[in-house]
Amino acid sequence: MTYLASPTVTDGEGPGNDWPRNEWPGNEWPRNEWQGPKVAYAFSRRFGKAVQRNRARRRLRDAFARGWSEHAEGNTNMSPLDGAFLLSGHRTLLTAPFEAVVSDVVACLNKLTAR
């Protein structure tokens with residue numbers, strides 16, 4: 001019986017340091033490019049099945065990212081928006097046009113900045 005040999009994982013010292021921990025083939029972790037605030041998305045089971053909740057979460061995440069960039073372009077005073085956000089949505093989030101969702105996010109951010 002033949003066994004496949006795997007490289008030894010070390011901290012870069014001593015023998016067996018052929019591959020440092022972060023350079024394994026196929027170990028390309030996605031980098032988080034998001035520079036905005038921390039955002040959480042909450043959808044209960046009442047919203048729908050897991051597929052619908054995940055789809056709504058993806059749509060709202062993308063809408064918030066686009067809305068945040070649109071809002072940041074026109075405003076110099078972003079200090080009222082420091083912190084974290086908890087976002088949730090209605091079931092119409094699944095069927096609404098995406099641009100309408102983005103405009104709703106921008107309207108909410110404008111209301112928060114106006115305070």
Restricting the search to segment 43-64, which residues are surrounded by 15 or more Cβ atoms within 10 Å (Cβ to Cβ) and either among the β-branched types (Val, Ile, Thr) or closer than 13 Å to HIS90 by Cβ (or both)? PHE43, PHE47, GLY48, ARG53, ALA56, ARG59, LEU60
All-but-one check, THR95 against (1) within 27 Å of GLN52 (Cβ to Cβ); (2) touching a Leu at 6+ places or on another chain (Cβ under 9 Å), failing number (2)
Return the total of residues in segment 87-115 being under 15 Å from GLU70 (Cα atoms) and among the basic types (Lys, Arg). 1
Just to be sure before I move on: is PRO37 under 13 Å from the mean Cα position of the chain (by Cα) and surrounded by fewer than 14 Cβ atoms within 10 Å (Cβ to Cβ) in the structure I sent? yes
Restricting segment 60-88 to residues that are within 16 Å of the chain's Cα centre (by Cα) and part of a loop (DSSP other than H, G, I, E, B), which is modelled with the highest pLDDT? SER88
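The values are calculated or read from the model by the stated rules, or taken from the named source; none is laboratory data. Source: prediction; values computed, not measured. Don't worry about glycine lacking a Cβ; one is built from the backbone with ideal geometry, like all the others, and counts go over all protein chains shown.
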